[in-house]
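Remarks on the structure that follows.
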Amino acid sequence: MNKTLIAYFSRTGNTKMVAEAIHRALGGNRKLAAIEDAGPLADYGLIFAGFPVQAHSVPLPAERFLKSIPAGSNIALFSTHGAFPHHRLAQEALEYAAVLVSQGRLLGTFHCRGKLSLQALEALAESPEHQEWTQMAPSAASHPDAHDLAEAAVFARHMKARSAEARNKRSEAS
Ligand SMILES: Cc1cc2nc3c(=O)[nH]c(=O)nc-3n(C[C@H](O)[C@H](O)[C@H](O)COP(=O)(O)O)c2cc1C
């Protein structure tokens, strides 16, 4: 149960970059995989799961993955998004993801901005449902940047320490 999984869903590579930074930051027995290649989830002491915010929410494949995490697992969630970090549109998808994993033990969350191509931005800005976040998205153009990835590494180590604490508490109690 000392194994850590870092699973991500990523369409254009931003969330994958964050997943790779988390993977690099952790030592020991760990696996980095796209969610479709993650395999059985029961063996992991800690599962990191990441996704891009899409249409204000969690993309369907990521939603399915989150729902499949076994009850009682230690979980850390991360996301990337075009909206400003403290805007509700950047926060709400993670809040929804937290509900999806409520059978597990959510240890913490991390999110940062992620760029979009100008072409995608222009196309999405045409549709009323995307207007609010697409107005903020141009300034995400350089993200995830080195600072975001350094923060992701700090998050990774913090989550690892928390999951070890949770394991110790459980073994003391039994
Ligand atoms: C179809 C589509 C919908 C998106 N919807 C949102 C959104 O609702 N809110 C937001 O903040 N960013 C939104 N984004 C921006 C992405 O979340 C952001 O670019 C993210 O970093 C992409 O991650 P990826 O490269 O791992 O796919 C959207 C991007 C696309 C392509």
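Please treat every number below as a calculation from the coordinates, not as lab data. Please read these numbers as outputs of a predicted model, since none were measured by experiment. Note that we place each Cβ from the backbone using ideal geometry, even for glycine, and neighbour counts take in every protein chain shown.
General remarks:
- Scanning region 24-54 for residues that are assigned to a helix (DSSP H, G or I) and in contact (Cβ under 8 Å) with a residue 40 or more places away in the chain gives Arg24, Ala25.
- Top-ranked residue in region 33-46 [being surrounded by fewer than 17 Cβ atoms within 10 Å (Cβ to Cβ), aliphatic (A, V, I, L, M) and within 16 Å of the ligand (Cβ to nearest atom); ranked as farthest from Asn2 (Cα to Cα)]: Ala34
- For region 47-60, a residue qualifies if it is surrounded by 14 or more Cβ atoms within 10 Å (Cβ to Cβ) and on the phi < 0 side of the Ramachandran plot, and the qualifying residues are Ile47, Phe48, Ala49, Gly50, Phe51, Pro52, Val53, Gln54, Ser57, Val58, Pro59.
- Members of region 74-90 found to be closer than 20 Å to Asp145 by Cα and either surrounded by 24 or more Cβ atoms within 10 Å (Cβ to Cβ) or more than 10 Å from the ligand (Cβ to nearest atom) (or both), listed by number: Leu77, Phe78, Ser79, Thr80, His81, Gly82, His86
- Residue satisfying condition, being out of contact with any strand residue (DSSP E or B) (no Cβ under 6 Å at 6 or more places or on another chain) and within 14 Å of the ligand (Cβ to nearest atom), within set Ala71, Ala55, Ala49: Ala55
- Scanning region 100-124 for residues that are within 11 Å of the ligand (Cβ to nearest atom), surrounded by 15 or more Cβ atoms within 10 Å (Cβ to Cβ), small (Gly, Ala, Ser) and farther than 15 Å from Ala90 by Cα turns up just one, Ala120.
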